[in-house]
Amino acid sequence: MSAITESMPDPDTLRIIPGDGASEFTIDLKASDTNSHLEAIYRPPHPNWMRMNMIGSLNGRVTGSDGTSDTLSNRADRRILKLIRQMSDAVIVGAQTVRQERHTSTAPTKLCIVTASGNLDGHRITPDEAADSVLVCCPAEVRCRVLDSMPGATVIPLTAPEGRIQLADVLHELHERGLHQLVVEGGNQLISQFLDAGLLDEVCLTQAPVFAPDSAPSLPGSGRGTEFRRELLAVDSVGYVYQRLLARH
């Protein structure tokens, strides 16, 4: 466990409120069988599944005082993040998230980065890690920029009309590689595109009980008005709220 994670709040329990009216129950986050309980409530219902996972503050910001989500998160949130990644074939992020979060490897889960510029500076992924698990979807003309800033990564060249990569093309490339359980973690522009295209099956959202700087990036929006139904609500012992919502397709 990293020093950053160790310094985060560490809740003891997670109270689960199912969305179907079933009885509430509490998970002991210190018990030996905790992961099996979390897996049961976060397991995707279908073999092809596209979900979003993010954390936000009380004022809807996605980064804290240090410019990353580390100062919003806690150890239970990071545990759920890790679990969702383990249940996914690939994590999808935009280049801004790679730079802003100083992204690390998600191996053995693949990391798919979507970028129009090819600028992936600031990450903490070694060339060996990139060769093992990083896919970069980008316009063919920025391939060299990608490899300069992410040596070792597998580049997937795509067309980008008006400088925007088509999400349908990204998903097609991932599916062709046998990657069907997917989670997008940011940034908000990329997730807004997924929402506007009606491509998200599920939203997993953690709310931290803190106010973040007004200058921090906000949670994504959508002009589509996509509706979701609450599958579960959970509250941990230090006041973080977790939601799992399924799209009304």
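His103 meets each of the listed conditions (1) surrounded by fewer than 18 Cβ atoms within 10 Å (Cβ to Cβ); (2) free of Cβ contacts under 8 Å to residues at least 24 places away in the same chain apart from (1).
β-branched (Val, Ile, Thr) and at pLDDT below 95, is that true of Thr226? So Thr226 fits the description; yes. For region 30-43, filtered to residues that are in contact with a helix residue (DSSP H, G or I) (Cβ under 9 Å, 6 or more places away or on another chain) and surrounded by fewer than 19 Cβ atoms within 10 Å (Cβ to Cβ), the residue that is nearest to Val184 (Cα to Cα) is Glu39.
Residues in region 203-238 that are part of a strand (DSSP E or B) and within 15 Å of Ser69 (Cβ to Cβ): Cys204, Leu205, Thr206, Gln207, Ser218. For Glu129, the conditions (1) over 22 Å from Leu83 (Cα atoms); (2) modelled with pLDDT of 95 or more; (3) open to solvent by 20 Å² or more (accessible area, probe 1.4 Å) all hold with the exception of (1).
For region 185-195, does any single residue satisfy the condition of being in a helix (DSSP H, G or I), buried (at least 16 other Cβ atoms within 10 Å of the Cβ) and among the hydroxyl-bearing types (Ser, Thr, Tyr)? Checked region 185-195: at least one residue is in a helix (DSSP H, G or I), buried (at least 16 other Cβ atoms within 10 Å of the Cβ) and among the hydroxyl-bearing types (Ser, Thr, Tyr). Looking at (1) modelled with pLDDT under 95; (2) open to solvent by 30 Å² or more (accessible area, probe 1.4 Å); (3) farther than 22 Å from Ser88 by Cβ, which is the one condition that is false for Ile17? All conditions pass for Ile17, except number (1). With respect to the conditions (1) hydrophobic (A, V, I, L, M, F, W, C); (2) closer than 27 Å to Asp20 by Cα; (3) modelled with pLDDT under 95, Ala216 lacks only one, and its number is (2). Checked against (1) within 26 Å of Gly223 (Cβ to Cβ); (2) in contact with a Ser or Thr (Cβ under 6 Å, 6 or more places away or on another chain); (3) touching a residue at least 40 places away in the same chain (Cβ under 8 Å), Ile113 passes all but a single condition, namely (2). When residues of region 98-117 are filtered for being within 16 Å of Val170 (Cβ to Cβ) and not in a loop (DSSP other than H, G, I, E, B), how many remain? Result for region 98-117: 6. The residues in region 206-249 that are among the aromatic types (Phe, Trp, Tyr) and crowded, with 19+ Cβ neighbours inside 10 Å can be counted, and the count is 2. Residues of region 157-172 that are open to solvent by 20 Å² or more (accessible area, probe 1.4 Å), touching a Ser or Thr at 6+ places or on another chain (Cβ under 9 Å) and either among the polar types (S, T, N, Q) or part of a loop (DSSP other than H, G, I, E, B) (or both): Gln166 alone. The number of residues in region 173-184 that are part of a helix (DSSP H, G or I) and either open to solvent by 50 Å² or more (accessible area, probe 1.4 Å) or of a type in the set (Lys, Arg) (or both) comes to 2.
Taking the criterion of being part of a strand (DSSP E or B) and touching a Cys at 6+ places or on another chain (Cβ under 7 Å), the residues of region 118-156 that qualify are Leu135, Cys137, Val155, Ile156.
Note on region 70-81: residues that are open to solvent by 20 Å² or more (accessible area, probe 1.4 Å), within 18 Å of Gln100 (Cα to Cα) and either among the basic types (Lys, Arg) or modelled with pLDDT of 95 or more (or both) total 2.
The values are calculated or read from the model by the stated rules, or taken from the named source; none is laboratory data. Quick caveat, the model's predicted, so the values are computed rather than measured. Neighbour counts run over all protein chains shown; Cβ positions are idealised from the backbone, glycine included. Areas reflect the complete protein model, heavy atoms only, side chains present, ligands, DNA and RNA absent. Shrake-Rupley method; radii C 1.70, N 1.55, O 1.52, S 1.80 Å.
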